[in-house]
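In what follows, a single structure is set out as structure tokens and then discussed.
Bear in mind that the values in this text are calculations on the coordinates, not laboratory data. What you see is a predicted model; the values in this text were computed from it and never measured. All Cβ positions, glycine included, derive from the backbone under ideal geometry; neighbour counts span all protein chains shown.
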Amino acid sequence: MTALLFVLGCNTGNGGYKEAKGNMVEIKGSEAMATFAGGCFWCVEADFEKVPGVLKVVSGYTGGTGENPSYESYSDKGHLEAIQVVYDPAKVTYAQLLDVFWSHIDPTDAGGQFVDRGPGYRSAVFYHNEEQRRLALESKEKLAKSGRFSKPIVTEIIKFQRFYNAEEYHQDYYKNDPIRYKSYRSGSGRDQFLEKVWEPNRCDLPATSGKASTRKDDAALRKRLTPLQYEVTQKEGTEPPFQNEYYANKQEGIYVDIVSGEPLFSSLDKYDSGTGWPSFTRPLEPGNIVAKEDDSLLMKRIEVRSRNADSHLGHVFSDGPKPTGLRYCMNSAALRFIPKEALEKEGYGRYLRLFKK
């Protein structure tokens with residue numbers, strides 16, 4: 001596929017974007033912008049759209065001198081595949097997004113990213129102002145000193161100039177053509193590398209503490225969660241059926257992890273299973289779900305956990321309705337419900353499209 005770029009910028013009202021040409025994504029109010037390059041923009045767009053506080057991600061081209069690049073010509077004109085990220089700085093900071101960026105690329109590869117080779121696939125951070133430049137350089141230096149990699153960190157830190165949107169069929173490719181996307185990604189070597197190098201400390205979501213991982217220490221969790229929420233998410237507990245918050249909830253919206261806020265399920269896939277627990281036919285974001293064998297209670301079951309917070313959520317069974325035949329039987333105590341009216345305010349505005357009639 002292609003290389004990706006990620007650049008962050010703030011809507012400071014000081015004309016910082018006036019120099020940019022092309023068709024850069026517009027921001028408004030208190031929103032801010034970022035632009036990164038990290039290989040295939042299909043993949044990087046998909047990864048960043050999962051981050052709470054990110055409002056919109058657009059794939060495109062940047063870094064070159066030629067105007068109006070296309071998918072066929074962008075590399076010849078010196079551009080990299082890139083994304084622009086519109087985000088809410090009150091919910092996710094630039095430093096946290098840098099953490100997400102580093103943990104989704106190979107920063108030691110000067111010739112591309114994973115299966116995609118060539119200068120158009122190299123990684124870079126494109127900064128819009130001196131504060132971004134300082135933070136990007138500091139984070140790169142910190143990564144170099146961490147000892148995680150034996151080879152030098154070669155990701156470039158470049159001043160942003162202009163951005164060109166990629167063709168419409170590249171936007172949200174992972175959603176619009178999931179079979180081809182999954183086939184490409186599984187064969188690209190990206191996830192295999194990330195799992196080997198970054199797990200279990202991969203930063204798919206920003207940590208509210210500013211650390212690189214969304215996992216919290218035990219004392220902080222005990223302080224923030226109710227006793228039942230702690231027992232369910234951290235000790236694999238089970239709440240009483242029919243006596244929990246969401247089993248009969250019929251509002252439209254999404255359900256996120258109570259610890260990390262990572263999106264997990266949609267009301268559109270919720271149904272009354274008669275069990276007394278909230279049940280779903282499928283996850284909203286399969287990448288945020290981890291399934292593992294559970295041999296407790298003298299029976300074989302499949303436990304469901306969240307990927308980033310590693311919260312125990314419940315179990316999945318094969319007695320559900322069509323079209324999946326699955327029943328994701330979840331604990332309300334492991335979830336937080338966000339009604340559709342609050343999605344934009346809470347930083348999950350990208351899911352509003354699901355509820356448009």
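Summary of computed values
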| item | result |
| --- | --- |
| Sequence of Leu343, Leu335 once ranked by neighbouring C-beta atoms within 10 Å, starting from the fewest | Leu343, Leu335 |
| Cα long-axis angle, helix 178-188 against the chain (0 to 90 degrees, to the nearest 10) | 70 |
| Amide proton proximity set for Ala82, modelled H, under 5 Å, gap of 5+ | Leu5, Gly60, Tyr61, Thr62 |
| Other-chain or far-sequence residues with amide H under 5 Å of Leu326's (modelled H) | Gly320 |
| Stretchable slack from Gln251 to Asn176, in nm (0.36 nm times residue separation minus alpha-carbon distance) | 24.4 nm |
| Estimated vicinal HN-Hα couplings, Hz - region 64-74 in sequence order (Karplus 6.51, -1.76, 1.60; Gly, Pro = x) | x, 10, x, 8, 6, x, 10, 4, 7, 10, 4 |
| Between 0 and 90°, nearest 10: helix 130-145 axis offset from the chain longest Cα axis | 70 |
| Most fluctuating residue given options Tyr246, Tyr71, Tyr169, as computed from a GNM of the chain linking Cα atoms under 10 Å | Tyr169 |
| Stretch gain in nm, segment Gln243-Glu141, where the contour uses 0.36 nm per residue and the Cα spacing is subtracted | 31.6 nm |
| Spatial separation of Cα centroids for region 37-69 and region 219-296, in angstrom | 31 |
| Label-point separation in nm, Glu26 to Ser296, each point 7 Å along Cα→Cβ | 5.2 |
| Estimated FRET transfer efficiency (Ala342, Ser73; beta-carbon r; R0 41 Å; 0.05) | 0.45 |
| Ordering of 55-64, 285-294 by burial proxy (mean other Cβ atoms within 10 Å per residue, highest first) | 55-64, 285-294 |
| Relative contact order of the chain, defined on C-alpha pairs under 8 angstrom at six or more residues apart (%) | 16 |
| Other-chain or far-sequence residues with amide H under 5 Å of Tyr71's (modelled H) | Glu167 |
| Difference of contour (0.36 nm per residue) and Cα-Cα distance, Glu167 to Val154 | 1.8 nm |
